[in-house]
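Single-structure report; data block below.
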Amino acid sequence: MKEVRVRFAPSPTGPLHIGGVRTALYNYLFAKKNGGKMLLRIEDTDQTRFVPGAEEYIIKSLDWCGIKFDESDIVGGPYGPYKQSNRKHLYKQYSDELIAKGCAYYAFDTAEELDKYRAEAEAQKKTFIYNAESRKNLRNSLTMSKEEVDALINAGTPYTVRFKMPENHIVEMHDIIRGDIKVNTNTLDDKVLFKSDGMPTYHLANIVDDHLMLISHVIRGEEWLPSMPLHVLLYQAFGWEAPEFAHLPLLLKPDGNGKLSKRDGDRLGFPVFPMQWENPETHEISSGYKQSGYYAEAFINMLALLGWNPGTEQEIFSMDELIEAFSFDHCSKSGARFNVEKAKWFNHEYLMKKSSEEVGKDYQAWLKAEKNIDADLQYVTKVAALVKDRVNFVKELWEQSFFFFEEPVTYDEVTVKKRWKENSAEMMRKAAEVINGINDFSAENIDRTLNEWITGNELGMGLVMNGLRLMLVGAGKGPHIHEILALLGKEEALKRIEKGIKALG
RNA sequence: GGUCUCUUCGUCUAGUCUGGUUAGGACGUCAGGUUUUCAUCCUGGUAACUCGGGUUCAAAUCCCGGAGAGACUACCA
(Lines give C-alpha, C1' and ligand atoms only; values in the text may rest on other atoms or scores of the structure.)
Protein backbone atom coordinates (compact mmCIF):
# COMPACT_ATOMS: atom_id res chain seq x y z
CA MET A 1 0.00 0.00 0.00
CA LYS A 2 1.28 3.43 -0.86
CA GLU A 3 1.90 5.98 1.84
CA VAL A 4 -1.27 7.08 3.57
CA ARG A 5 -1.74 10.83 3.28
CA VAL A 6 -5.01 12.41 4.36
CA ARG A 7 -6.15 15.95 4.75
CA PHE A 8 -8.65 17.94 6.72
CA ALA A 9 -9.79 20.79 4.51
CA PRO A 10 -12.16 23.23 6.22
CA SER A 11 -13.43 26.51 4.89
CA PRO A 12 -12.84 29.40 7.24
CA THR A 13 -16.44 30.57 7.03
CA GLY A 14 -17.13 30.27 10.74
CA PRO A 15 -16.43 28.07 13.71
CA LEU A 16 -15.98 24.37 13.19
CA HIS A 17 -18.84 22.36 14.62
CA ILE A 18 -18.58 18.92 16.17
CA GLY A 19 -19.34 17.17 12.88
CA GLY A 20 -16.27 18.82 11.42
CA VAL A 21 -14.23 17.90 14.45
CA ARG A 22 -15.26 14.29 14.04
CA THR A 23 -14.25 14.33 10.37
CA ALA A 24 -10.87 15.70 11.38
CA LEU A 25 -10.63 13.06 14.12
CA TYR A 26 -11.35 10.14 11.80
CA ASN A 27 -8.81 11.46 9.31
CA TYR A 28 -6.28 11.71 12.11
CA LEU A 29 -7.02 8.25 13.51
CA PHE A 30 -6.81 6.67 10.09
CA ALA A 31 -3.52 8.39 9.26
CA LYS A 32 -1.87 7.50 12.56
CA LYS A 33 -3.18 3.96 12.52
CA ASN A 34 -1.56 3.44 9.13
CA GLY A 35 1.66 5.29 9.82
CA GLY A 36 0.62 8.04 7.44
CA LYS A 37 0.54 11.82 7.37
CA MET A 38 -2.31 14.19 8.11
CA LEU A 39 -2.37 17.69 6.73
CA LEU A 40 -4.46 20.79 7.17
CA ARG A 41 -5.49 22.68 4.08
CA ILE A 42 -7.53 25.85 4.27
CA GLU A 43 -10.09 26.04 1.48
CA ASP A 44 -10.83 29.73 1.18
CA THR A 45 -11.68 30.04 -2.49
CA ASP A 46 -14.89 31.87 -1.71
CA GLN A 47 -13.72 35.32 -0.77
CA THR A 48 -17.23 36.52 -0.03
CA ARG A 49 -17.65 34.13 2.86
CA PHE A 50 -14.46 34.90 4.71
CA VAL A 51 -15.00 35.26 8.45
CA PRO A 52 -12.22 36.87 10.47
CA GLY A 53 -10.86 34.64 13.19
CA ALA A 54 -12.38 31.47 11.84
CA GLU A 55 -9.12 29.97 10.63
CA GLU A 56 -7.41 30.65 13.95
CA TYR A 57 -10.42 29.22 15.75
CA ILE A 58 -10.25 26.00 13.75
CA ILE A 59 -6.56 25.55 14.42
CA LYS A 60 -6.89 26.28 18.12
CA SER A 61 -9.88 23.98 18.52
CA LEU A 62 -8.23 21.01 16.87
CA ASP A 63 -5.16 21.61 18.94
CA TRP A 64 -7.25 21.51 22.11
CA CYS A 65 -8.71 18.22 20.92
CA GLY A 66 -5.26 16.75 20.53
CA ILE A 67 -5.45 16.47 16.75
CA LYS A 68 -2.01 17.34 15.43
CA PHE A 69 -1.04 17.97 11.84
CA ASP A 70 2.08 16.73 10.11
CA GLU A 71 1.82 19.40 7.43
CA SER A 72 0.15 22.81 7.40
CA ASP A 73 1.07 26.45 6.98
CA ILE A 74 1.88 26.51 10.70
CA VAL A 75 4.15 23.47 10.92
CA GLY A 76 5.30 23.65 7.30
CA GLY A 77 5.68 20.84 4.81
CA PRO A 78 6.95 20.08 1.31
CA TYR A 79 3.67 20.65 -0.52
CA GLY A 80 2.73 24.10 0.67
CA PRO A 81 1.39 26.62 0.74
CA TYR A 82 -1.56 24.94 2.41
CA LYS A 83 -4.03 27.73 1.93
CA GLN A 84 -5.84 27.89 -1.38
CA SER A 85 -5.90 31.66 -1.64
CA ASN A 86 -2.10 31.47 -1.62
CA ARG A 87 -2.18 28.86 -4.37
CA LYS A 88 -4.41 30.92 -6.64
CA HIS A 89 -1.83 31.09 -9.45
CA LEU A 90 -1.73 27.29 -9.68
CA TYR A 91 -5.24 26.57 -10.76
CA LYS A 92 -5.70 28.36 -14.07
CA GLN A 93 -3.28 26.11 -15.95
CA TYR A 94 -5.34 23.08 -14.92
CA SER A 95 -8.54 24.70 -16.05
CA ASP A 96 -6.83 25.52 -19.36
CA GLU A 97 -5.64 21.95 -19.64
CA LEU A 98 -9.18 20.67 -19.35
CA ILE A 99 -10.38 23.10 -22.01
CA ALA A 100 -7.55 22.02 -24.32
CA LYS A 101 -8.55 18.40 -23.81
CA GLY A 102 -12.17 19.19 -24.61
CA CYS A 103 -13.31 18.31 -21.10
CA ALA A 104 -14.32 21.83 -20.18
CA TYR A 105 -15.53 24.99 -21.87
CA TYR A 106 -15.97 28.72 -21.42
CA ALA A 107 -19.40 29.95 -20.41
CA PHE A 108 -20.43 33.58 -20.67
CA ASP A 109 -23.84 33.42 -19.04
CA THR A 110 -24.13 35.90 -16.24
CA ALA A 111 -25.33 34.99 -12.79
CA GLU A 112 -28.45 37.07 -13.46
CA GLU A 113 -29.25 35.19 -16.63
CA LEU A 114 -28.90 31.86 -14.88
CA ASP A 115 -31.08 33.04 -12.02
CA LYS A 116 -33.70 33.98 -14.58
CA TYR A 117 -33.59 30.55 -16.22
CA ARG A 118 -33.96 28.89 -12.83
CA ALA A 119 -36.89 31.05 -11.93
CA GLU A 120 -38.59 30.33 -15.25
CA ALA A 121 -38.05 26.61 -14.88
CA GLU A 122 -39.36 26.70 -11.35
CA ALA A 123 -42.49 28.50 -12.48
CA GLN A 124 -43.20 25.46 -14.66
CA LYS A 125 -42.32 23.12 -11.77
CA LYS A 126 -39.14 22.09 -13.52
CA THR A 127 -35.52 22.34 -12.59
CA PHE A 128 -33.04 24.21 -14.71
CA ILE A 129 -29.84 22.26 -15.12
CA TYR A 130 -26.81 23.36 -17.05
CA ASN A 131 -26.18 20.14 -18.94
CA ALA A 132 -25.63 18.54 -22.32
CA GLU A 133 -29.12 19.50 -23.40
CA SER A 134 -29.39 23.07 -22.16
CA ARG A 135 -25.83 24.10 -22.96
CA LYS A 136 -26.71 23.93 -26.65
CA ASN A 137 -28.88 27.00 -26.18
CA LEU A 138 -26.65 28.98 -23.88
CA ARG A 139 -23.79 31.35 -24.43
CA ASN A 140 -20.64 29.29 -24.25
CA SER A 141 -17.64 28.19 -26.27
CA LEU A 142 -19.52 25.13 -27.46
CA THR A 143 -22.18 27.21 -29.20
CA MET A 144 -20.01 30.10 -30.36
CA SER A 145 -17.28 30.27 -32.92
CA LYS A 146 -13.68 30.40 -31.77
CA GLU A 147 -13.39 33.96 -33.04
CA GLU A 148 -16.38 35.08 -31.05
CA VAL A 149 -15.02 33.45 -27.92
CA ASP A 150 -11.55 34.93 -28.35
CA ALA A 151 -13.05 38.34 -28.97
CA LEU A 152 -15.14 38.19 -25.80
CA ILE A 153 -12.22 37.04 -23.70
CA ASN A 154 -9.86 39.63 -25.15
CA ALA A 155 -12.45 42.29 -24.43
CA GLY A 156 -12.36 41.28 -20.79
CA THR A 157 -15.84 39.80 -20.68
CA PRO A 158 -16.35 37.85 -17.46
CA TYR A 159 -16.56 34.13 -17.99
CA THR A 160 -16.59 30.89 -16.08
CA VAL A 161 -15.17 27.54 -17.03
CA ARG A 162 -17.55 24.64 -16.83
CA PHE A 163 -16.92 20.92 -16.83
CA LYS A 164 -18.29 19.26 -19.93
CA MET A 165 -20.24 16.41 -18.41
CA PRO A 166 -20.17 13.36 -20.70
CA GLU A 167 -23.52 12.19 -22.00
CA ASN A 168 -25.23 9.00 -20.89
CA HIS A 169 -22.20 7.52 -19.23
CA ILE A 170 -22.32 5.36 -16.12
CA VAL A 171 -19.78 6.44 -13.55
CA GLU A 172 -18.78 3.49 -11.40
CA MET A 173 -17.32 4.42 -8.08
CA HIS A 174 -16.26 2.77 -4.87
CA ASP A 175 -16.59 4.15 -1.39
CA ILE A 176 -14.80 2.46 1.49
CA ILE A 177 -17.80 2.80 3.77
CA ARG A 178 -20.66 2.54 1.30
CA GLY A 179 -19.36 0.12 -1.28
CA ASP A 180 -20.03 0.42 -5.01
CA ILE A 181 -22.07 3.33 -6.32
CA LYS A 182 -23.18 3.95 -9.88
CA VAL A 183 -24.52 7.17 -11.34
CA ASN A 184 -25.59 8.09 -14.86
CA THR A 185 -23.98 11.33 -16.00
CA ASN A 186 -27.28 12.44 -17.55
CA THR A 187 -28.47 13.32 -14.05
CA LEU A 188 -25.44 15.50 -13.41
CA ASP A 189 -24.78 19.08 -14.46
CA ASP A 190 -21.90 21.02 -15.93
CA LYS A 191 -20.41 22.35 -12.74
CA VAL A 192 -18.46 25.56 -12.71
CA LEU A 193 -14.76 24.84 -12.19
CA PHE A 194 -13.40 28.31 -12.51
CA LYS A 195 -15.24 31.41 -11.38
CA SER A 196 -15.38 34.78 -13.09
CA ASP A 197 -13.47 36.31 -10.19
CA GLY A 198 -10.38 34.33 -11.17
CA MET A 199 -10.71 31.80 -8.36
CA PRO A 200 -11.33 28.10 -8.83
CA THR A 201 -14.42 26.56 -7.26
CA TYR A 202 -14.14 23.99 -4.53
CA HIS A 203 -14.35 21.16 -7.04
CA LEU A 204 -11.36 22.16 -9.12
CA ALA A 205 -9.14 23.37 -6.31
CA ASN A 206 -9.91 20.33 -4.23
CA ILE A 207 -8.98 17.82 -6.93
CA VAL A 208 -5.88 19.72 -8.02
CA ASP A 209 -4.64 20.12 -4.46
CA ASP A 210 -5.38 16.56 -3.44
CA HIS A 211 -3.40 15.43 -6.46
CA LEU A 212 -0.53 17.82 -5.88
CA MET A 213 -0.40 16.99 -2.19
CA LEU A 214 -0.37 13.26 -2.90
CA ILE A 215 -3.54 12.57 -0.94
CA SER A 216 -4.25 8.85 -0.77
CA HIS A 217 -7.61 8.86 1.01
CA VAL A 218 -10.36 11.44 0.97
CA ILE A 219 -12.30 11.15 4.21
CA ARG A 220 -15.17 13.62 4.43
CA GLY A 221 -18.82 14.04 5.39
CA GLU A 222 -21.67 12.38 3.54
CA GLU A 223 -22.83 15.74 2.22
CA TRP A 224 -20.07 15.35 -0.36
CA LEU A 225 -21.31 12.08 -1.75
CA PRO A 226 -23.34 13.73 -4.54
CA SER A 227 -20.21 15.44 -5.90
CA MET A 228 -18.17 12.27 -5.90
CA PRO A 229 -18.98 11.42 -9.56
CA LEU A 230 -17.81 14.86 -10.67
CA HIS A 231 -14.61 14.44 -8.70
CA VAL A 232 -13.97 10.98 -10.11
CA LEU A 233 -14.60 12.28 -13.62
CA LEU A 234 -12.19 15.14 -13.03
CA TYR A 235 -9.43 12.74 -12.01
CA GLN A 236 -10.13 10.78 -15.18
CA ALA A 237 -10.10 13.92 -17.31
CA PHE A 238 -6.71 14.87 -15.95
CA GLY A 239 -5.49 11.32 -16.31
CA TRP A 240 -4.67 11.14 -12.62
CA GLU A 241 -5.11 8.24 -10.28
CA ALA A 242 -7.97 9.06 -7.91
CA PRO A 243 -7.57 8.66 -4.15
CA GLU A 244 -9.83 6.31 -2.24
CA PHE A 245 -12.98 7.82 -0.80
CA ALA A 246 -14.72 7.35 2.52
CA HIS A 247 -17.92 9.31 3.13
CA LEU A 248 -18.77 9.56 6.80
CA PRO A 249 -22.34 9.50 8.13
CA LEU A 250 -23.77 12.80 9.28
CA LEU A 251 -24.32 14.00 12.82
CA LEU A 252 -28.03 14.60 13.36
CA LYS A 253 -30.05 16.91 15.57
CA PRO A 254 -30.96 15.33 18.93
CA ASP A 255 -34.57 16.31 18.31
CA GLY A 256 -36.54 16.45 15.12
CA ASN A 257 -35.01 15.92 11.74
CA GLY A 258 -32.01 16.96 9.78
CA LYS A 259 -28.32 17.31 10.30
CA LEU A 260 -26.92 19.08 13.29
CA SER A 261 -26.52 22.75 12.61
CA LYS A 262 -24.81 25.61 14.31
CA ARG A 263 -28.03 26.99 15.72
CA ASP A 264 -29.07 23.78 17.48
CA GLY A 265 -26.58 23.99 20.27
CA ASP A 266 -27.72 26.76 22.46
CA ARG A 267 -31.32 26.10 21.51
CA LEU A 268 -31.10 22.62 23.05
CA GLY A 269 -28.73 23.39 25.87
CA PHE A 270 -25.50 21.84 24.74
CA PRO A 271 -22.56 23.13 22.72
CA VAL A 272 -22.15 22.34 19.04
CA PHE A 273 -18.69 23.86 18.97
CA PRO A 274 -15.50 22.52 20.50
CA MET A 275 -14.63 25.93 21.90
CA GLN A 276 -16.59 29.06 22.59
CA TRP A 277 -17.08 31.28 19.56
CA GLU A 278 -17.90 34.92 19.39
CA ASN A 279 -19.45 36.06 16.15
CA PRO A 280 -17.22 38.93 15.03
CA GLU A 281 -20.17 40.85 13.58
CA THR A 282 -22.98 40.37 16.07
CA HIS A 283 -20.77 39.52 19.07
CA GLU A 284 -23.19 36.73 19.79
CA ILE A 285 -21.52 34.02 21.86
CA SER A 286 -21.90 30.32 21.14
CA SER A 287 -20.89 27.95 23.89
CA GLY A 288 -18.07 25.45 23.54
CA TYR A 289 -17.27 22.07 25.06
CA LYS A 290 -14.08 23.38 26.56
CA GLN A 291 -15.75 26.25 28.34
CA SER A 292 -18.65 24.06 29.41
CA GLY A 293 -16.23 22.00 31.43
CA TYR A 294 -15.60 19.02 29.20
CA TYR A 295 -12.18 17.45 29.20
CA ALA A 296 -10.77 17.24 25.68
CA GLU A 297 -10.17 13.50 26.11
CA ALA A 298 -13.79 12.92 27.10
CA PHE A 299 -15.06 15.07 24.24
CA ILE A 300 -12.95 13.21 21.70
CA ASN A 301 -13.85 9.83 23.17
CA MET A 302 -17.55 10.67 22.91
CA LEU A 303 -17.21 11.96 19.36
CA ALA A 304 -15.20 8.94 18.21
CA LEU A 305 -18.03 6.59 19.21
CA LEU A 306 -20.58 8.57 17.21
CA GLY A 307 -20.44 6.67 13.95
CA TRP A 308 -17.68 4.26 14.79
CA ASN A 309 -17.36 1.39 17.24
CA PRO A 310 -14.46 -0.88 18.14
CA GLY A 311 -16.39 -4.10 17.63
CA THR A 312 -15.82 -4.86 21.31
CA GLU A 313 -17.64 -3.60 24.37
CA GLN A 314 -14.93 -1.16 25.34
CA GLU A 315 -16.16 2.42 25.53
CA ILE A 316 -13.42 4.36 27.22
CA PHE A 317 -10.54 5.07 24.87
CA SER A 318 -7.49 7.28 25.07
CA MET A 319 -6.36 8.86 21.80
CA ASP A 320 -3.67 6.19 21.46
CA GLU A 321 -6.19 3.44 22.02
CA LEU A 322 -8.50 5.01 19.43
CA ILE A 323 -5.67 5.05 16.91
CA GLU A 324 -4.90 1.43 17.65
CA ALA A 325 -8.53 0.33 17.32
CA PHE A 326 -9.69 2.51 14.43
CA SER A 327 -10.86 1.01 11.17
CA PHE A 328 -13.45 1.88 8.53
CA ASP A 329 -14.77 -1.67 8.89
CA HIS A 330 -16.58 -0.49 11.98
CA CYS A 331 -17.89 2.82 10.70
CA SER A 332 -21.64 2.97 10.41
CA LYS A 333 -23.49 4.19 7.36
CA SER A 334 -26.41 5.92 8.98
CA GLY A 335 -26.42 9.30 10.65
CA ALA A 336 -25.84 9.48 14.39
CA ARG A 337 -28.07 11.50 16.63
CA PHE A 338 -26.09 13.36 19.22
CA ASN A 339 -26.94 12.55 22.84
CA VAL A 340 -26.06 15.03 25.59
CA GLU A 341 -26.58 12.60 28.47
CA LYS A 342 -24.03 10.21 27.09
CA ALA A 343 -21.61 13.06 26.56
CA LYS A 344 -21.93 13.99 30.22
CA TRP A 345 -21.41 10.38 31.24
CA PHE A 346 -18.12 10.31 29.33
CA ASN A 347 -16.94 13.36 31.20
CA HIS A 348 -17.98 11.77 34.48
CA GLU A 349 -15.87 8.73 33.68
CA TYR A 350 -12.84 10.86 32.92
CA LEU A 351 -13.35 13.02 35.99
CA MET A 352 -13.40 9.92 38.20
CA LYS A 353 -10.22 8.63 36.60
CA LYS A 354 -8.36 11.90 37.19
CA SER A 355 -6.21 12.20 40.29
CA SER A 356 -7.49 14.33 43.16
CA GLU A 357 -4.51 16.62 42.65
CA GLU A 358 -5.49 17.29 39.06
CA VAL A 359 -9.15 17.86 39.83
CA GLY A 360 -8.16 19.89 42.89
CA LYS A 361 -6.09 22.20 40.75
CA ASP A 362 -8.96 22.82 38.34
CA TYR A 363 -11.37 23.30 41.20
CA GLN A 364 -9.03 25.75 42.90
CA ALA A 365 -8.96 27.84 39.73
CA TRP A 366 -12.75 27.63 39.46
CA LEU A 367 -13.19 28.75 43.08
CA LYS A 368 -11.02 31.78 42.46
CA ALA A 369 -12.71 32.69 39.19
CA GLU A 370 -16.34 32.05 40.14
CA LYS A 371 -16.47 32.54 43.91
CA ASN A 372 -13.42 34.67 44.51
CA ILE A 373 -12.23 32.18 47.09
CA ASP A 374 -8.51 31.79 47.66
CA ALA A 375 -8.31 28.18 48.71
CA ASP A 376 -5.26 26.21 49.73
CA LEU A 377 -4.41 23.60 47.08
CA GLN A 378 -3.85 20.84 49.60
CA TYR A 379 -7.21 21.52 51.17
CA VAL A 380 -9.01 21.68 47.81
CA THR A 381 -7.34 18.45 46.78
CA LYS A 382 -8.71 16.74 49.87
CA VAL A 383 -12.17 18.11 49.11
CA ALA A 384 -11.87 16.90 45.52
CA ALA A 385 -10.87 13.44 46.69
CA LEU A 386 -14.04 13.30 48.77
CA VAL A 387 -16.56 14.46 46.18
CA LYS A 388 -15.16 14.20 42.66
CA ASP A 389 -16.91 10.89 41.95
CA ARG A 390 -20.26 12.54 42.53
CA VAL A 391 -20.21 14.98 39.60
CA ASN A 392 -19.85 15.22 35.85
CA PHE A 393 -17.98 18.52 35.74
CA VAL A 394 -15.57 20.48 37.90
CA LYS A 395 -18.08 23.31 38.09
CA GLU A 396 -20.59 20.94 39.71
CA LEU A 397 -18.17 20.31 42.57
CA TRP A 398 -19.40 23.43 44.33
CA GLU A 399 -22.89 22.05 44.77
CA GLN A 400 -21.35 19.03 46.49
CA SER A 401 -18.78 20.78 48.60
CA PHE A 402 -19.66 24.42 49.24
CA PHE A 403 -19.79 23.71 52.99
CA PHE A 404 -16.04 23.09 53.00
CA PHE A 405 -15.55 26.72 52.03
CA GLU A 406 -18.31 28.60 53.82
CA GLU A 407 -20.38 27.93 56.90
CA PRO A 408 -24.10 27.29 56.56
CA VAL A 409 -26.18 30.44 56.34
CA THR A 410 -29.53 28.73 56.09
CA TYR A 411 -30.73 25.30 57.11
CA ASP A 412 -32.66 23.27 54.56
CA GLU A 413 -36.29 23.36 55.62
CA VAL A 414 -37.25 19.83 54.61
CA THR A 415 -34.21 18.35 56.32
CA VAL A 416 -34.85 20.32 59.51
CA LYS A 417 -38.41 19.11 59.62
CA LYS A 418 -37.32 15.54 59.13
CA ARG A 419 -34.14 15.38 61.18
CA TRP A 420 -34.27 18.01 63.90
CA LYS A 421 -36.03 16.51 66.92
CA GLU A 422 -36.97 17.92 70.27
CA ASN A 423 -33.83 16.64 71.97
CA SER A 424 -31.55 17.44 69.05
CA ALA A 425 -30.16 20.63 70.54
CA GLU A 426 -29.20 18.86 73.74
CA MET A 427 -27.69 16.01 71.78
CA MET A 428 -25.60 18.44 69.76
CA ARG A 429 -24.24 20.03 72.93
CA LYS A 430 -23.14 16.61 74.12
CA ALA A 431 -21.69 15.77 70.73
CA ALA A 432 -19.75 19.01 70.76
CA GLU A 433 -18.22 18.00 74.07
CA VAL A 434 -17.20 14.63 72.70
CA ILE A 435 -15.73 16.20 69.57
CA ASN A 436 -13.89 18.74 71.69
CA GLY A 437 -12.34 15.89 73.58
CA ILE A 438 -10.84 14.21 70.52
CA ASN A 439 -7.13 14.94 70.27
CA ASP A 440 -6.17 12.89 67.23
CA PHE A 441 -8.52 14.64 64.77
CA SER A 442 -8.14 12.16 61.94
CA ALA A 443 -11.18 10.91 60.07
CA GLU A 444 -10.59 7.35 61.31
CA ASN A 445 -10.25 8.36 64.91
CA ILE A 446 -13.27 10.67 64.82
CA ASP A 447 -15.30 7.90 63.26
CA ARG A 448 -14.27 5.43 65.97
CA THR A 449 -14.74 7.80 68.87
CA LEU A 450 -18.15 9.00 67.72
CA ASN A 451 -19.31 5.46 67.07
CA GLU A 452 -18.19 4.24 70.46
CA TRP A 453 -19.88 7.16 72.16
CA ILE A 454 -23.18 6.69 70.33
CA THR A 455 -23.42 2.92 70.63
CA GLY A 456 -22.01 2.93 74.16
CA ASN A 457 -24.74 5.29 75.33
CA GLU A 458 -27.44 3.94 73.03
CA LEU A 459 -28.10 7.39 71.62
CA GLY A 460 -29.33 6.52 68.13
CA MET A 461 -26.99 6.83 65.19
CA GLY A 462 -29.44 8.70 62.97
CA LEU A 463 -30.35 11.27 65.57
CA VAL A 464 -26.76 12.30 66.25
CA MET A 465 -25.33 12.00 62.76
CA ASN A 466 -28.18 13.69 60.96
CA GLY A 467 -28.16 16.45 63.52
CA LEU A 468 -24.45 16.98 63.11
CA ARG A 469 -24.84 17.01 59.32
CA LEU A 470 -27.39 19.76 59.63
CA MET A 471 -25.03 21.78 61.82
CA LEU A 472 -22.01 21.32 59.55
CA VAL A 473 -23.56 21.36 56.09
CA GLY A 474 -26.92 23.05 56.56
CA ALA A 475 -28.57 20.34 54.51
CA GLY A 476 -29.07 16.60 54.34
CA LYS A 477 -26.24 15.75 52.02
CA GLY A 478 -22.51 15.37 51.70
CA PRO A 479 -19.81 12.83 52.50
CA HIS A 480 -19.46 10.94 55.81
CA ILE A 481 -19.63 13.11 58.92
CA HIS A 482 -16.21 12.05 60.16
CA GLU A 483 -14.67 13.06 56.83
CA ILE A 484 -16.31 16.46 57.00
CA LEU A 485 -15.23 16.95 60.60
CA ALA A 486 -11.65 15.97 59.90
CA LEU A 487 -11.35 18.33 56.95
CA LEU A 488 -13.11 21.24 58.63
CA GLY A 489 -11.04 20.95 61.79
CA LYS A 490 -12.16 20.93 65.39
CA GLU A 491 -12.42 24.68 65.86
CA GLU A 492 -14.57 25.33 62.78
CA ALA A 493 -16.75 22.32 63.55
CA LEU A 494 -17.48 23.43 67.08
CA LYS A 495 -18.23 26.93 65.88
CA ARG A 496 -20.79 25.60 63.40
CA ILE A 497 -22.45 23.37 65.98
CA GLU A 498 -22.80 26.28 68.37
CA LYS A 499 -24.20 28.46 65.65
CA GLY A 500 -26.59 25.76 64.52
CA ILE A 501 -27.98 25.16 68.00
CA LYS A 502 -28.67 28.87 68.35
CA ALA A 503 -30.37 28.99 64.97
CA LEU A 504 -32.58 25.95 65.35
CA GLY A 505 -33.02 25.90 69.14
C1' G B 1 -39.62 17.28 -8.27
C1' G B 2 -34.77 14.71 -9.64
C1' U B 3 -30.25 11.99 -8.13
C1' C B 4 -27.70 9.46 -4.42
C1' U B 5 -27.42 7.40 0.52
C1' C B 6 -29.52 5.25 4.76
C1' U B 7 -33.24 2.20 8.03
C1' U B 8 -31.93 -3.06 14.99
C1' C B 9 -34.41 -0.80 22.09
C1' G B 10 -36.10 6.59 23.41
C1' U B 11 -30.44 7.46 21.91
C1' C B 12 -25.32 5.43 20.38
C1' U B 13 -24.58 0.65 18.64
C1' A B 14 -23.05 -5.34 18.26
C1' G B 15 -24.91 -9.05 15.20
C1' U B 16 -26.05 -8.98 8.43
C1' C B 17 -20.76 -10.50 4.07
C1' U B 18 -20.27 -16.58 5.92
C1' G B 19 -29.17 -17.71 7.50
C1' G B 20 -30.06 -21.38 13.20
C1' U B 21 -28.32 -15.94 19.40
C1' U B 22 -33.14 -16.23 25.33
C1' A B 23 -31.16 -10.35 19.31
C1' G B 24 -25.70 -8.52 23.17
C1' G B 25 -23.48 -3.86 25.36
C1' A B 26 -23.60 1.41 26.79
C1' C B 27 -26.51 6.05 27.92
C1' G B 28 -31.46 7.04 29.71
C1' U B 29 -35.37 5.23 32.61
C1' C B 30 -37.57 2.05 36.59
C1' A B 31 -36.78 -1.12 40.94
C1' G B 32 -33.70 -3.10 44.70
C1' G B 33 -29.03 -3.05 47.49
C1' U B 34 -25.00 -0.24 49.82
C1' U B 35 -24.85 4.55 52.64
C1' U B 36 -26.60 7.56 59.66
C1' U B 37 -27.88 11.79 54.72
C1' C B 38 -27.45 13.19 49.57
C1' A B 39 -24.86 11.58 45.58
C1' U B 40 -21.60 8.04 43.61
C1' C B 41 -21.38 2.91 43.21
C1' C B 42 -23.36 -2.27 42.67
C1' U B 43 -27.36 -5.67 41.13
C1' G B 44 -31.68 -6.44 38.42
C1' G B 45 -35.71 -4.95 35.15
C1' U B 46 -37.48 -2.09 30.86
C1' A B 47 -37.26 -1.59 25.72
C1' A B 48 -35.71 -2.81 19.03
C1' C B 49 -34.84 -6.04 13.86
C1' U B 50 -39.48 0.05 8.84
C1' C B 51 -43.56 -2.74 6.22
C1' G B 52 -45.29 -6.51 2.61
C1' G B 53 -44.17 -10.57 -0.29
C1' G B 54 -40.73 -14.54 -1.70
C1' U B 55 -36.60 -18.43 -1.05
C1' U B 56 -35.68 -21.96 3.07
C1' C B 57 -36.75 -27.04 7.78
C1' A B 58 -35.12 -22.10 9.57
C1' A B 59 -34.57 -14.92 7.73
C1' A B 60 -32.53 -9.10 11.58
C1' U B 61 -29.31 -11.80 8.11
C1' C B 62 -30.54 -13.81 1.10
C1' C B 63 -34.06 -11.91 -3.16
C1' C B 64 -38.13 -8.59 -4.91
C1' G B 65 -41.43 -4.58 -3.99
C1' G B 66 -43.32 -0.57 -1.09
C1' A B 67 -42.72 3.12 3.00
C1' G B 68 -39.97 6.51 5.75
C1' A B 69 -35.61 9.50 6.78
C1' G B 70 -31.33 12.24 5.23
C1' A B 71 -27.91 14.62 1.86
C1' C B 72 -27.30 17.10 -2.59
C1' U B 73 -29.61 19.79 -6.48
C1' A B 74 -25.09 27.98 -6.42
C1' C B 75 -19.85 31.56 -10.34
C1' C B 76 -20.89 28.09 -1.30
C1' A B 77 -17.87 24.81 0.57
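Results, tabulated for the structure shown:
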{"item": "Mean accessible surface per residue for chain A, computed with a 1.4 Å probe while every protein chain stays in place, in Å²", "result": "48"}
{"item": "Highest-first arrangement of A:154-166, A:188-200, where packing means the average Cβ count within 10 Å", "result": "A:188-200, A:154-166"}
{"item": "Under 29 Å from residue A:368, Cα to Cα: lysines that are on another chain or at least 8 residues apart", "result": "A:60, A:290, A:344, A:353, A:354, A:382, A:388, A:395, A:477, A:490, A:495, A:499"}
{"item": "Largest-first ordering by accessible area, 1.4 Å probe, given options A:353, A:259", "result": "A:353, A:259"}
{"item": "Estimated [θ] at 222 nm from DSSP helical runs (n ≥ 4, -39500 (n - 2.57)) normalised by residues in chain A, nearest 500", "result": "-13000 deg cm²/dmol"}
{"item": "Volume in Å³ per residue [convex hull over Cα atoms, computed for the stretch A:129-266]", "result": "166"}
{"item": "Computed accessible area, residue A:7, all protein chains, 1.4 angstrom probe, square angstrom", "result": "10"}
{"item": "Gyration tensor over alpha-carbon atoms, the stretch A:357-409, equivalent ellipsoid semi-axes in Å", "result": "14, 13, 11"}
{"item": "Total charge dipole magnitude, the stretch A:49-101, about the Cα centre, Cβ charges on Lys, Arg, Asp, Glu only, Debye to nearest 20", "result": "220"}
{"item": "Overall Cα dimensions of the stretch A:261-361, principal axis frame, Å, largest first", "result": "45, 41, 21"}
{"item": "Average projection area in nm² (convex hull over Cα atoms of the stretch A:1-155, one quarter of hull surface)", "result": "13.6"}
{"item": "Debye log10 I(q)/I(0) at q = 0.12, 0.16, 0.29 Å⁻¹ for the stretch A:10-77, Cα point scatterers", "result": "-0.30, -0.54, -1.41"}
{"item": "Mean-position separation - Cα centroids, the stretch A:418-472 and the stretch A:158-232, in angstrom", "result": "76"}
{"item": "Per residue convex hull volume, Cα atoms of chain A, in Å³", "result": "199"}
{"item": "Extreme residue, positive dipole direction of the stretch A:129-256, given options A:245, A:225, A:157 (C-beta unit charges)", "result": "A:157"}
{"item": "Whole-number percent relative contact order across the stretch A:278-361, with pairs defined as alpha carbons under 8 Å at least 6 apart", "result": "32"}
{"item": "Antiparallel %, DSSP beta bridges [both residues in chain A], to 5", "result": "55"}
{"item": "Estimated Rh, the stretch A:314-455: Kirkwood, alpha-carbon pairs, angstrom", "result": "19.4"}
{"item": "Area accessible to solvent at residue A:65, 1.4 Å probe radius, in Å²", "result": "10"}
{"item": "The stretch A:84-171 - percent relative contact order, Cα under 8 Å, separation 6 or more", "result": "40"}
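The values are calculated or read from the model by the stated rules, or taken from the named source; none is laboratory data. Note that this is a predicted model, so its numbers are computed, not measured. All Cβ positions, even for glycine, are placed from backbone atoms using ideal geometry, and neighbour counts span all protein chains on display. Quick note on the areas: whole protein, heavy atoms, side chains included, nothing else; ligands and nucleic acids left out. Shrake-Rupley method; radii C 1.70, N 1.55, O 1.52, S 1.80 Å.
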